[in-house]
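S.K.: Structure below; questions to follow.
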Amino acid sequence: YWAEGTLFLRLSGAENAVVQTAKHWGGEPVSSATALWRQLREFEHPFFAGDKQLWRLSHKPTALVPKLGDVLIDWGGAQRWLRAEQDREALQRVAEEAGGHVSLFRGGDRTSELKHRLSKLEKTLQQRLKKAFDPEGILNPGRLYSWM
C-alpha cells in the first residue's frame, strides 16, 4: 500500500525468492510487518483514525485518479481510501471516469448513497438478487429502493 509518501510492499513465496526479490528491489524491512498488515486489514492503521469523512474508491488499478486529499492506496492501485470533506457527486464522477465507484465508509451522511441512480443493468441485478433471496418479497419491501 501507499500512504504518506511511502510505499509498503508485502512479499510472499519461497523464502529464497522473497530474499532475492527484496535484495533486488531494495528498501527497508518493517520490523512489525505482521502488525502493520493486520492494522491495515482491520482498519486500525492510523490513517483510518480521525473525524474527517473516509471515502473508499474502487476502480481500475491503472486509472489516473487526481489527488483529492489524504490518500492510502491499496490493492495494487485499485482501491484508494480518501480522507477529505468532499461532495459525493463530485467523487462519483471521478470514480466513474476511473472505471469504478465510490462509497462513504465513515463519517458524514450516507443517505445520499442510497439515492444515487442505478444503471439499467445495476437495477436488473438488484431485482434479481432480491428475488433470489426474498422470493415472496416480505423482507423490507421498498426500504432500500421504492421499486424493490
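The values are calculated or read from the model by the stated rules, or taken from the named source; none is laboratory data. All values derive from a computational prediction rather than experimental measurement. When we count neighbours, we look across all protein chains shown, and the Cβ atoms used for this are built from the backbone with ideal geometry, even at glycine.
S.K.: Looking only at residues in the range 97-128 that are modelled with pLDDT under 90 and acidic (D, E), which one is surrounded by the fewest Cβ atoms within 10 Å (Cβ to Cβ)?
M.R.: D109
S.K.: Another question, then. Considering each residue of the range 78-102, count those that are without any contact (Cβ under 8 Å) to a residue 24 or more places away in the chain and within 13 Å of the chain's Cα centre (by Cα), and give that number.
M.R.: The total comes to 2.
To keep it simple, each residue is scored yes or no on (1) touching a strand residue (DSSP E or B) at 6+ places or on another chain (Cβ under 7 Å); (2) acidic (D, E).
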| residue | (1), (2) |
| --- | --- |
| H45 | no, no |
| W55 | yes, no |
| Q79 | yes, no |
| Q86 | yes, no |
| L91 | yes, no |
| D109 | no, yes |
| F133 | no, no |
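S.K.: If you go through the range 12-66, how many residues are over 26 Å from the mean Cα position of the chain (by Cα) and either basic (K, R) or under 19 Å from R106 (Cα atoms) (or both)?
M.R.: So the count comes out to 1.
S.K.: Here is a follow-up. Hey, E89 hits all of (1) exposed (fewer than 12 other Cβ atoms within 10 Å of the Cβ); (2) in contact with a Ser or Thr (Cβ under 6 Å, 6 or more places away or on another chain); (3) charged (D, E, K, R) but one; which does it fall short on?
M.R.: All conditions pass for E89, except number (2).
S.K.: Please work out which one of (1) touching a residue at least 12 places away in the same chain (Cβ under 8 Å); (2) outside any loop (DSSP other than H, G, I, E, B); (3) of a type outside the set (V, I, T); (4) surrounded by 11 or more Cβ atoms within 10 Å (Cβ to Cβ) is the condition K131 fails and give its number.
M.R.: Looking at each condition in turn, K131 falls short on (1).
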